[in-house]
Amino acid sequence: MMKKNPLSLQVDLDDFIPATKEDKEYMVQMRASSTFFRDGARRLSRNKVAMFSLIVIVLITLSSIFLPMFWPYSYEQQLGVQSGKRVDPSYNNLAPFEYGSTEQERMDAGESIFPHIFGTDSAGRDYFIRVIYGTRISLAVGFFASIIVLMIGLVVGSVAGYFGGKVDLIIMRIVDIIYSLPDTLMVILLASILRVTLGDRLEGTALESIGSNIISLFIVFALLYWVSMARLVRGQILSLREEEYVLSARATGAKGPWIIRKHLLPNSISVIIISTALQIPSAIFTESYLSFLGLGVNAPMPSLGSLASDALNGINSYSYRLVVPAVSISLIVLSLNLLGDGLRDAFDPKLNN
Amino acid sequence: MNSKTLFYILKRVVLAFVTVLIVITITFFAMHAIPGGPFLGEKAVSPAVIEALEAKYGLDKPLLEQYLTYLRGIFLDFDFGPSLKQRGMMVIDIIMDGLKTSIRLGVIAAGIALFFGLTLGSIASLRRNTTIDRAIMVVTTAFVSMPSFIMGSLLLLIFAVQLAIVPANGSTGAGLILPVITLSLYPMAYITRLTRSSMLDVLGQDYIRTARAKGVSRSEIIRGHALKNAIIPVITYFGPMLAYIVTGSLVVERIFAVPGIGRSFANSITGRDYPLVMGTTIVLSTLIVLMNLLGDIMYKLVDPRISFE
């Protein structure tokens, strides 16, 4: 080969020879690259317990949303009460698959009547739809309470973790104080007071239809339960903000909120999501506990806790009315817990080994 | 005990005191947000009673002054005021009366939970990955996911109503069996899981191998070396366990009609007996804070590896 002058601009023709077959094969991807999310989803789908729990939760959620739309009875309709007629007591306390007197007559005349799968309660309301509706309320309260906790914890925790110094010190002292309070007792106290004081103030507003008791539940959650989420977020941010990519972002002139949103939160998102998922069953737990004490949703709205509480009075004659909501709560809480554990195993990179 | 330990204990005591003070403050101001205030509520009370209450608690005075009066009453004579529903009874007498039953209930439940939790946890860890271990883990997972009131109601249904082998009413000695079991199942399951994981951790340590190499017998290793160290995380659960038993007793005593502080608290909430709600919240919170404090101090004293900050 001709000796080349190092300063020459002459093109080296060898660089322009078409690639051989072997060269091309070397560039072919043997396996599609996987994202973090896809990896986690694959791990999750291999976890039989978690997948089964997921199916149970999806089924329960869908039926609690859609069944009331098609059901011929509503949760508050007292079947024995019809306008212009005397109250028909034959509809009260029906056993499963029994019918009231007028329904029986219509059936004898050849009409088909939708059965009362779990009978009716002491006020003549179809019990099955009350359980379904109660499940809907319990799930909704659990879900929205967790979202509220997530929002507040996220904001407070990121601010404390990112800014540090005095801001952090003050926020963490408040967190410590709230953390050391006996939470259930404070929840009971606040819930029992808020429902009295909120009642009048909500009248005429859009919130009235939700009911003062659920609103006060949400307020209590917002006041007390954000602290562990805030601690978690702060801890994550404190460890992440020492990373080099944060330093480089700051060096190129990125401002605080941008770094929090673009660098810190995405990197701590999996831990946060898992913790939120595990917050839902604990919120359902708390709601049903308060309902059982008579501090839950406003009557005639049912929740699983208040249904179980009401069923205690008739435990000798109508024990199935206790078993149905009791099994529903346990099933929901258990599957949510198992799914949360599965999510943690699948998505927490620190637990991978 | 060195000065560092003493300083730590002092710091924790001060923190606990501040917590109790905050609980009292929250309770007081929350209760005074109710229209009519806690001592009058929404119920019509005779003018003579109103006058007497106003004179005693200074209900016409500014809120801050009332607060200081209330604080002074609590710290000097445990005075939480009169009950609104139970005529002629002072709140503190009702609380003390209920506490007698509830403390007995709680202590037995805690004892059962500790004994069976430690035993089952050790068995599970020593028989790791066998059928016994798996069975214990499945059962404890189910117990941990079941709210106490569900557990209590179902136990009542099965053993008192269907099988009728124990009385449903908890005011007698035999009637306390079911409430005690209900209260102890959750902490027992939790302690079992805690003991299992910490035993597994300890059993893999070098000093266990050393002990085995020295020729120490198996039971001596388990009792003297493994369990002694594995028990430390269980001590941290001491405070939360009491908090669970206290809050669990609210529903459990309602289900089984146990005449304890939990039932009177639950009744006072539905009956809107505000002075009783205030008094019970404060007394139970103080109890929980004290137990947390005790658990924390014990934890630090038992394990010399833990440093004091």
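State all residues of the range A:305-332 that are at the interface with another protein chain (Cβ under 8 Å from one of its Cβ atoms), surrounded by fewer than 24 Cβ atoms within 10 Å (Cβ to Cβ) and either within 16 Å of the chain's Cα centre (by Cα) or in contact (Cβ under 8 Å) with a residue 60 or more places away in the chain (or both); if no residue qualifies, say none.
Matches in the range A:305-332: A:330 only.
I'd like the full set of residues that are polar (S, T, N, Q) and either at pLDDT below 90 or within 30 Å of residue B:97 (Cα to Cα) (or both), limited to the range B:168-196. Before the answer, list the steps.
Going through the range B:168-196, the residues polar (S, T, N, Q) turn out to be B:169, B:171-172, B:182, B:184, B:192, B:195.
Those that are polar (S, T, N, Q) and either at pLDDT below 90 or within 30 Å of residue B:97 (Cα to Cα) (or both): B:169, B:171, B:172, B:182, B:184.
Table: residues versus (1) in a helix (DSSP H, G or I); (2) within 28 Å of residue A:288 (Cα to Cα).
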site: A:72; (1), (2): no, yes
site: A:79; (1), (2): no, yes
site: A:90; (1), (2): yes, no
site: A:97; (1), (2): no, yes
site: A:107; (1), (2): yes, no
site: A:114; (1), (2): no, no
site: A:118; (1), (2): no, yes
site: A:124; (1), (2): no, yes
site: A:128; (1), (2): yes, yes
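Quickly run through the range B:171-201 and pick out the residues that are among the small types (Gly, Ala, Ser) and buried (at least 21 other Cβ atoms within 10 Å of the Cβ). Outline the logic, then answer.
Of the range B:171-201, the ones among the small types (Gly, Ala, Ser) are B:171, B:173-175, B:184, B:189, B:197-198.
B:184, B:189, listed by residue number.
Can you find even one residue in the range B:171-191 that is in contact with a helix residue (DSSP H, G or I) (Cβ under 8 Å, 6 or more places away or on another chain) and not in a helix (DSSP H, G or I)? Working first, answer last.
Step one: list which residues in the range B:171-191 are in contact with a helix residue (DSSP H, G or I) (Cβ under 8 Å, 6 or more places away or on another chain), which gives B:176, B:178-191.
Still in the running and not in a helix (DSSP H, G or I): none.
No, that holds for no residue.
With the requirement that a residue be farther than 30 Å from residue A:333 by Cα and aromatic (Phe, Trp, Tyr), what does the range A:11-66 give you? So that I can check it myself, show each step before the final result.
As a first pass, look at the range A:11-66 and keep what is farther than 30 Å from residue A:333 by Cα: A:11-35.
Selection gives A:16, A:26.
State yes or no: is residue B:223 in a helix (DSSP H, G or I), surrounded by 18 or more Cβ atoms within 10 Å (Cβ to Cβ) and of a type in the set (Lys, Arg)?
On the way: in a helix (DSSP H, G or I): yes; surrounded by 18 or more Cβ atoms within 10 Å (Cβ to Cβ): no; of a type in the set (Lys, Arg): yes.
Here the answer is no, as residue B:223 does not meet what is asked.
Name the residues in the range B:9-47 that are of a type in the set (Phe, Trp, Tyr) and at pLDDT 85 or above, would you?
At the first step, the residues of the range B:9-47 found to be of a type in the set (Phe, Trp, Tyr) are B:17, B:28-29, B:39.
Those that are of a type in the set (Phe, Trp, Tyr) and at pLDDT 85 or above: B:17, B:28, B:29.
When you go through (1) buried (at least 22 other Cβ atoms within 10 Å of the Cβ); (2) of a type in the set (Ser, Thr, Tyr); (3) at pLDDT 85 or above one by one for residue B:67, which number turns out not to apply?
(1)
Might you check whether a residue that is within 14 Å of chain A (Cβ to nearest Cβ) and part of a helix (DSSP H, G or I) occurs anywhere in the range B:91-101? Reasoning before the result, please.
First, the residues of the range B:91-101 that are within 14 Å of chain A (Cβ to nearest Cβ): B:95.
Those still in the list that are part of a helix (DSSP H, G or I) too: B:95.
Yes; the residues of the range B:91-101 include at least one that is within 14 Å of chain A (Cβ to nearest Cβ) and part of a helix (DSSP H, G or I).
Would you mind telling me which numbered condition in (1) free of Cβ contacts under 8 Å to residues at least 40 places away in the same chain; (2) part of a helix (DSSP H, G or I); (3) not basic (Lys, Arg); (4) not assigned by TED's automatic domain parsing to the domain that holds residue A:312 residue A:66 fails?
So residue A:66 meets the others, but not (4).
Please work out if residue A:32 is hydrophobic (A, V, I, L, M, F, W, C), farther than 30 Å from residue A:116 by Cα and outside the structural domain of residue A:334 (by TED's automatic domain parsing). Spell out the reasoning first.
Numbers: hydrophobic (A, V, I, L, M, F, W, C): yes; farther than 30 Å from residue A:116 by Cα: yes; outside the structural domain of residue A:334 (by TED's automatic domain parsing): yes.
It is true that residue A:32 is hydrophobic (A, V, I, L, M, F, W, C), farther than 30 Å from residue A:116 by Cα and outside the structural domain of residue A:334 (by TED's automatic domain parsing).
Answer yes or no: is there a residue in the range A:257-273 that is of a type in the set (Gly, Ala, Ser), touching a Phe, Trp or Tyr at 6+ places or on another chain (Cβ under 8 Å) and modelled with pLDDT of 85 or more.
Residues of the range A:257-273 of a type in the set (Gly, Ala, Ser): A:268, A:270.
Now restrict to residues that are touching a Phe, Trp or Tyr at 6+ places or on another chain (Cβ under 8 Å): A:270.
Next, from what is left, pick out any that are modelled with pLDDT of 85 or more: none.
No, the range A:257-273 contains no residue that is of a type in the set (Gly, Ala, Ser), touching a Phe, Trp or Tyr at 6+ places or on another chain (Cβ under 8 Å) and modelled with pLDDT of 85 or more.
Considering each residue of the range B:113-147, count those that are surrounded by fewer than 17 Cβ atoms within 10 Å (Cβ to Cβ) and small (Gly, Ala, Ser), and give that number.
Qualifying residue count for the region: 2.
Which members of the range B:221-247 meet the condition of being in contact with a Phe, Trp or Tyr (Cβ under 7 Å, 6 or more places away or on another chain) and within 14 Å of chain A (Cβ to nearest Cβ)?
B:244
Starting from the range B:70-84, take each residue that is assigned to a loop (DSSP other than H, G, I, E, B) and list its partners that are small (Gly, Ala, Ser) and modelled with pLDDT of 85 or more, counting only C-beta distances under 6 angstrom and pairs at least six apart or across chains.
Qualifying pairs under 6 Å: B:80/B:279.
Among the listed residues B:181, B:191, B:235, identify the single one that is more than 18 Å from residue B:144 (Cβ to Cβ) and not polar (S, T, N, Q). Show your work before the answer.
Details: B:181 fails: more than 18 Å from residue B:144 (Cβ to Cβ); B:191 fails: more than 18 Å from residue B:144 (Cβ to Cβ).
Exactly one residue qualifies, and that residue is B:235.
Answer with yes or no whether residue A:267 is more than 9 Å from chain B (Cβ to nearest Cβ), surrounded by fewer than 19 Cβ atoms within 10 Å (Cβ to Cβ) and out of contact with any helix residue (DSSP H, G or I) (no Cβ under 8 Å at 6 or more places or on another chain).
no
With the checklist (1) closer than 30 Å to residue A:341 by Cα; (2) touching a His at 6+ places or on another chain (Cβ under 7 Å) in hand, flag the one item residue A:126 doesn't pass.
In the conditions (1) closer than 30 Å to residue A:341 by Cα; (2) touching a His at 6+ places or on another chain (Cβ under 7 Å), residue A:126 misses (1) alone.
Out of the residues in the range A:164-195 meeting the condition of being facing chain B (nearest Cβ under 7 Å), in contact (Cβ under 8 Å) with a residue 40 or more places away in the chain and of a type in the set (A, V, I, L, M), tell me which one is surrounded by the most Cβ atoms within 10 Å (Cβ to Cβ).
Among them, the one singled out is A:188.
In the list A:327, A:297, which residue meets the criterion of being hydrophobic (A, V, I, L, M, F, W, C), over 24 Å from residue A:155 (Cα atoms) and modelled with pLDDT under 85? Talk me through it step by step, then tell me what you get.
Working: A:327 fails: modelled with pLDDT under 85.
Unique residue meeting the criteria: A:297.
So, of the residues in the range B:277-288 that are buried (at least 24 other Cβ atoms within 10 Å of the Cβ) and within 14 Å of residue B:247 (Cβ to Cβ), which turns out to be farthest from the other protein chains (Cβ to nearest Cβ)?
B:280
Working only within the range B:148-170, note down all residues that are without any contact (Cβ under 8 Å) to a residue 24 or more places away in the chain and surrounded by 23 or more Cβ atoms within 10 Å (Cβ to Cβ).
Going residue by residue through the range B:148-170, those that are without any contact (Cβ under 8 Å) to a residue 24 or more places away in the chain are B:150, B:154, B:157-167.
Across the range B:148-170, the qualifying residue is only B:150.
Could you check residue B:125 against (1) part of a helix (DSSP H, G or I); (2) within 20 Å of the chain's Cα centre (by Cα); (3) away from chain A (no Cβ under 12 Å) and say which number it fails?
(2) is the only condition that residue B:125 fails.
For residue A:284, all conditions in the list (1) within 14 Å of chain B (Cβ to nearest Cβ); (2) loosely packed, with under 14 Cβ neighbours inside 10 Å; (3) of a type in the set (Val, Ile, Thr) hold save one; what is the number of the exception?
Against the list (1) within 14 Å of chain B (Cβ to nearest Cβ); (2) loosely packed, with under 14 Cβ neighbours inside 10 Å; (3) of a type in the set (Val, Ile, Thr), residue A:284 comes up short only on (2).
Residue by residue, here is whether (1) touching a residue at least 12 places away in the same chain (Cβ under 8 Å); (2) closer than 25 Å to residue B:188 by Cα; (3) of a type in the set (Gly, Ala, Ser) holds:
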residue: B:217; (1), (2), (3): no, no, yes
residue: B:223; (1), (2), (3): no, yes, no
residue: B:241; (1), (2), (3): yes, yes, no
residue: B:252; (1), (2), (3): yes, yes, no
residue: B:262; (1), (2), (3): yes, yes, yes
residue: B:272; (1), (2), (3): yes, no, no
residue: B:278; (1), (2), (3): yes, no, no
residue: B:285; (1), (2), (3): yes, yes, yes
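Scanning the range A:321-351 for residues that are among the charged types (D, E, K, R) and in a helix (DSSP H, G or I), which turns out farthest from residue B:254 (Cα to Cα)?
To start, the set of residues in the range A:321-351 that are among the charged types (D, E, K, R) comprises A:321, A:341, A:344-345, A:348, A:350.
Now narrow it down to the ones that are in a helix (DSSP H, G or I): A:321, A:341, A:344-345, A:350.
Values: A:321: 18, A:341: 33, A:344: 37, A:345: 39, A:350: 44 Å.
My answer is A:350.
The values are calculated or read from the model by the stated rules, or taken from the named source; none is laboratory data. Note that this is a predicted model, so its numbers are computed, not measured. Note that we place each Cβ from the backbone using ideal geometry, even for glycine, and neighbour counts take in every protein chain shown.
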